[in-house]
Amino acid sequence: MDPNILYIIIGVAALIVGLVVGKLIFAKNTRLKVEEAELQSQTILKEAELRAETIRKEKELEAKEKFVQLKSSHDKEVFEKNKKINDTENKIRQKEQTINQKEAGLDKQVKENEAIKENLNRQIELVNIKRTELEKHQEEHIRRLEKIANLSAEDAKAQLIESLKNEAQSKALALQQEIIEDAKLKAGKEARKIVIQTIQRTAAEHAIENTITVFHLESDEIKGQIIGREGRNIRAIEAATGVDLIVDDTPEAILLSSFDPLRREIARLSLQRLVADGRIHPARIEEVVEKTKKQIEEQVMEIGERTVIELGIHGLHKELVRMVGRMRFRSSYGQNLLMHSRETANLCATMAAELGLNAKLAKRAGLLHDIGKVPDEESELSHALLGAKLAEKYGENPAVVNAIGAHHDEMEMQFVISPIVQACDAISGARPGARREIMQQYLQRIKDLENLAMAYTGVEKAYAIQAGRELRVIVEADRVTDQESDKLSFEIAQKIQTEMTFPGQIKVTVIREKRAVNVAR
């Protein structure tokens with residue numbers, strides 16, 4: 001036999017024998033492990049039963065203790081409730097006893113009141129009997145007196161009443177006169193006290209508006225640029241703004257002269273822009289002046305809004321706010337109109353508060369009382385009536401409208417604040433240094449001079465310059481010829497000479513300028 005096959009057979013036999021032996025050994029080990037596991041499980045079960053019994057007994061003990069505690073707490077609550085019930089029952093019994101005692105007392109009192117009532121009834125009957133007897137005695141007495149005096153009781157009563165009436169009237173008249181005199185004295189003292197307190201509590205500026213503004217320059221060389229070739233630039237500025245430019249030997253300064261502060265401000269701002277830009281010629285001057293006028297309108301609105309905010313006035317119409325701003329560039333007898341109106345408003349508010357009146361309404365009327373001096377269009381009405389008309393147009397309170405119209409006695413005063421506005425307007429204008437009569441007369445003469453020229457047909461603008469010594473009239477070239485310009489100058493001069501009073505002489509210059517403008521596109 002081949003040895004390799006023999007080895008294979010022996011190997012297989014050995015493998016089979018090994019498998020059998022291993023299986024036997026595994027079965028034995030498995031049986032031993034199972035027996036050990038059964039022993040361990042029995043031991044664990046016994047321990048678990050003992051543990052469970054121990055826990056059960058502990059829980060039973062805890063339950064018993066809890067039951068005892070709950071029972072004790074319940075018994076205690078029941079005892080307290082029973083105690084409260086007993087206390088309540090005792091209180092109720094005490095209250096019942098008290099009520100029974102009061103009922104007994106009330107019954108006794110009712111019986112006593114009935115007895116008193118019966119007694120009073122008896123006394124009333126006796127009083128009625130006595131009254132009847134007394135009336136009979138009085139009638140008998142009156143009849144005897146009438147018989148003795150030969151005068152009836154009614155006549156005597158009438159005479160007595162008449163004499164008492166006359167005596168009372170005389171005493172009443174005397175007393176009334178004393179009361180009136182005393183009231184006048186006290187009213188005068190109180191009025192002076194209120195006025196003095198109002199003036200003392202209002203701070204006022206004493207500065208007076210003038211008619212000249214000084215425009216400062218960096219150097220005198222700029223004067224030549226402003227004057228221009230043959231004076232064309234300065235003439236263009238004066239024609240566009242209506243302000244007289246005085247260029248003299250004053251170093252680094254040009255004087256802007258005009259009675260109208262608004263014109264002076266427009267001229268000052270225009271010059272400032274022109275000097276800063278450096279381009280100064282007639283076309284540029286007109287362009288800058290137009291832009292400046294628009295800027296001034298915005299500034300006017302801003303001044304008006306700032307003023308009403310500072311004074312605490314609300315709900316004012318935009319047109320009225322704009323008119324308030326325009327007051328900044330107007331003057332009244334040399335006194336700045338806006339400062340005067342603000343001062344009057346504060347005075348009105350203070351005086352109204354002292355008198356227990358509506359201070360806000362009085363302040364509103366005080367601020368608006370002179371808006372008739374800054375209208376958009378000229379009117380034949382006085383400034384007070386025109387101001388009332390404007391205030392009514394823009395929905396102001398009737399009290400404010402009446403106060404504006406009545407502050408110069410041109411309208412009947414219908415509200416309490418009207419005399420307050422009138423008094424405060426007088427206080428603001430009459431204080432020392434507030435106004436200058438001569439200045440106002442001069443400004444009025446200048447204004448009348450310009451209005452006289454504007455009344456002619458074809459006149460576009462009219463400016464009084466050189467302190468009223470020259471009147472420059474700018475006419476529309478399409479409506480007025482050169483020959484008509486000469487005639488117009490003569491007619492205006494003649495009318496000024498016959499209708500106005502003025503010192504020295506007035507030069508009338510009519511300017512007619514024809515411009516042909518086209519745009520290349």
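I need the GluC sites (Glu not before Pro) found in the range 323-387, filtered to DSSP loop residues with at most 12 other beta carbons within 10 Å of theirs. Walk me through the numbers on the way to the answer.
Values: sites: Glu343, Glu354, Glu377, Glu378, Glu380; in loops: Glu377, Glu378, Glu380.
Here the GluC sites (Glu not before Pro) that fit, given the DSSP loop and packing criteria, are Glu377, Glu378, Glu380.
Could you pull out the pairs from Lys294/Lys507; Lys318/Lys389; Lys487/Lys514; Lys294/Lys318 whose alpha carbons sit more than 20 Å apart here? The pairs that break the limit, which is 20 Å between Cα atoms, are Lys294/Lys507.
Leaving out ligands and nucleic acids, and using a 1.4 Å probe, what accessible area per residue does the range 1-133 come to in Å²? Working shown, then result.
Numbers: 12780 Å² over 133 residues.
Per-residue accessible area for the range 1-133 comes out at 96 Å².
Across the protein chains, with a 1.4 Å probe defining accessible surface, the residues Lys363, Lys46 rank Lys46, Lys363 from largest area downward. Within the assembled protein chains, the solvent-accessible surface assigned to Thr54 is about 60 Å², based on a 1.4 Å probe. FRET efficiency for the Lys108 to Lys130 pair, using the beta carbon distance and R₀ = 41 Å, is estimated at 0.80. Against the criterion of solvent-accessible heavy-atom surface with a 1.4 angstrom probe, Ser270, Ser73 sort, most first, into Ser73, Ser270. The heavy atoms of His317 present about 80 square angstrom of accessible area, all protein chains included, probe 1.4 Å. In the context of the full protein assembly, Met301 retains an accessible surface of approximately 50 Å², using a probe radius of 1.4 Å and ignoring ligands and nucleic acids.
In a fully extended conformation the segment linking Glu305 and Ile99 would gain 66.2 nm over its present Cα-Cα distance, using 0.36 nm per residue.
The residue list Ser72, Val20, Leu32 was ranked by how far each Cα lies along the charge dipole of the range 1-155 toward its positive end, using unit charges on Cβ atoms, and Val20 comes out on top.
So how strong a dipole does the range 440-521 carry about its Cα centre when Lys and Arg Cβ are +1 and Asp and Glu Cβ are -1, to the nearest 20 debye? Could you put the intermediate results ahead of the total?
On the way: 13 positive and 12 negative charges, 54 e Å.
Here the size comes out at about 260 debye.
The values are calculated or read from the model by the stated rules, or taken from the named source; none is laboratory data. From a predicted model like this one, the values you see are computed outputs, not experimental measurements. No Cβ is skipped: glycine too gets one built from the backbone with ideal geometry, and neighbour counts run over all protein chains shown. Calculation scope for accessible area: heavy atoms of the full protein, side chains included, ligands and nucleic acids excluded. Shrake-Rupley method; radii C 1.70, N 1.55, O 1.52, S 1.80 Å.
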